[in-house]
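Encoded as structure tokens, the structure appears first; notes follow it.
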Amino acid sequence: MNLDRVQRTLALAIEGRLYPSVILHGGSEGSRFDAALSFARALLCEREPALRPCGECRHCRRIGLPELAGGEAESFHPDFFWLVRDLKTSVSADATREMLRSAQLAPYEARGQVFVVAEAASLSSEASDALLKAIEEPVERSPRNFLLLAPSRLDLSPTLRSRSLAIYLGAPTALPETLLGTVATGFRASVERFAAGGGALWLLDAAARLDPVGKRTKADLEAAKKRGPAGDGTDSLGFEDPRAQQPWLFAAAAVRRAAVGDGETAPPDLLLRRRMLALAEELLTASPLRLRGIPAERILEGLVCRHIAG
């Protein structure tokens, strides 16, 4: 995390001089949430500036993470708002306008208002325009601040970026190294069995190995959320979220490792290596297919068969 930049910007929030719109990008989802909470508490804390955020006043205590899956807040502050994705692939304009109605009102308790867009990268075009209009409107009474959370600021529209201060929170969470090696080894073994005449079922097996999580029910996802991040790093690798990039990055990295070897295992023959590298390259750009409603397992099977079968 870029601690110096974060601390300098947090100091502006404490002094009430923070830019109206701030993009918190990079890092993990958890680090973006934590940063948003810190900024919100600094902006709404009732103590004198030297003590903000105190974490103990009536404002700080009621600013917390909502239960994103169910849409119910664990804590409630009438001047602190979260906007989460309400559609499968995007944040709708209706949900955005509903949140922004509160921006037309004076604060209920605090000296200002804070609006957090938890998945700003998924704002629809119409929703982005509605948010932009609210950001550009002059504030005649108490201050209001918008915190836009995204893996990368480049995921937001150019106009939103131009109206916001971007704070980089650091590199994304690294791919789990041990799991990556296991998946790469299994994928390569299945591909080599196919190349040796083992039949098309080995291609389907190779594709399945690129999804180390597999299908998870809603109950599975809720249980994973309650227990916290898994030690093997699998929680971020599920394909359930159509907009998730991490599982595709992981699959591409595993295929590339299978193609080039790991220092202990020699690369496969030249033809197979070229096919694997071409597959890895296409996996990096395959996520838009999920936005069309195509199941991840079908996409993986199709790409593996196209590139490996030749």
(message) Conditions first: (1) closer than 26 Å to Ser90 by Cα; (2) in contact (Cβ under 8 Å) with a residue 60 or more places away in the chain. Ile308 passes all but one, so which condition is the exception?
(response) (1)
(request) Would you please name the residue that is surrounded by the most Cβ atoms within 10 Å (Cβ to Cβ), looking only at residues in segment 136-152 that are at pLDDT below 90 and touching a His at 6+ places or on another chain (Cβ under 8 Å)? (result) Pro151
(request) Please work out which residue is farthest from Asp211 (Cα to Cα), limiting yourself to segment 285-300 and to residues that are aliphatic (A, V, I, L, M) and at pLDDT below 85. (result) Leu291
(message) Between a residue in segment 188-214 that is farther than 18 Å from Leu279 by Cβ and any residue that is open to solvent by less than 70 Å² (accessible area, probe 1.4 Å), which pairs come within a Cβ distance under 6 Å, given they are 6 or more apart or on different chains?
(response) Val213/Thr234; Val213/Leu237; Val213/Gly238
(request) Could you check, for segment 32-52, whether at least one of its residues is in contact with a Cys (Cβ under 7 Å, 6 or more places away or on another chain) and among the acidic types (Asp, Glu)? (result) yes
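Checking the structure you have, find out if any residue of segment 225-237 is acidic (Asp, Glu), at pLDDT 85 or above and open to solvent by 20 Å² or more (accessible area, probe 1.4 Å).
Looking through segment 225-237, none of the residues is acidic (Asp, Glu), at pLDDT 85 or above and open to solvent by 20 Å² or more (accessible area, probe 1.4 Å).
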(message) Anything in segment 80-128 that is of a type in the set (Ser, Thr, Tyr) and under 21 Å from Ala40 (Cα atoms)? List them, or say none.
(response) Thr96, Ser102, Tyr108
(message) Residues that are open to solvent by 70 Å² or more (accessible area, probe 1.4 Å) and in contact with a helix residue (DSSP H, G or I) (Cβ under 6 Å, 6 or more places away or on another chain): does segment 254-271 have at least one?
(response) yes
(message) Exactly one condition in (1) within 17 Å of the chain's Cα centre (by Cα); (2) under 23 Å from Ser122 (Cα atoms); (3) modelled with pLDDT under 70; (4) open to solvent by less than 60 Å² (accessible area, probe 1.4 Å) is false for Gln246; which is it?
(response) (3)
(message) Among the residues that make up segment 15-22, is at least one of them farther than 16 Å from Leu165 by Cβ and either touching a residue at least 24 places away in the same chain (Cβ under 8 Å) or not hydrophobic (A, V, I, L, M, F, W, C) (or both)?
(response) no
(request) Determine if segment 159-180 includes at least one residue that is open to solvent by 70 Å² or more (accessible area, probe 1.4 Å) and assigned to a strand (DSSP E or B). (result) yes
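Here are some residues: Leu51, Leu37. Which one is modelled with pLDDT of 85 or more, of a type outside the set (D, E, K, R) and exposed (fewer than 14 other Cβ atoms within 10 Å of the Cβ)?
Leu51
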(request) Being touching a residue at least 12 places away in the same chain (Cβ under 8 Å) and either over 29 Å from Leu237 (Cβ atoms) or crowded, with 21+ Cβ neighbours inside 10 Å (or both) is the filter here, so list the residues in segment 55-64 that pass it. (result) Gly55, Cys57, Arg58, His59, Cys60, Arg61, Arg62, Ile63
(request) Please find, within segment 82-108, the residue that is farthest from Pro143 (Cα to Cα) out of those that are open to solvent by 30 Å² or more (accessible area, probe 1.4 Å), touching a helix residue (DSSP H, G or I) at 6+ places or on another chain (Cβ under 7 Å) and part of a loop (DSSP other than H, G, I, E, B). (result) Thr89
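The values are calculated or read from the model by the stated rules, or taken from the named source; none is laboratory data. Just so it is clear, the structure is predicted and the values come from calculations on it, not from any experiment. Glycine also receives a Cβ, built like all others from the backbone with ideal geometry; neighbour counts cover every protein chain displayed. All accessible areas refer to the heavy atoms of the entire protein, side chains included, with ligands and DNA or RNA removed. Shrake-Rupley method; radii C 1.70, N 1.55, O 1.52, S 1.80 Å.
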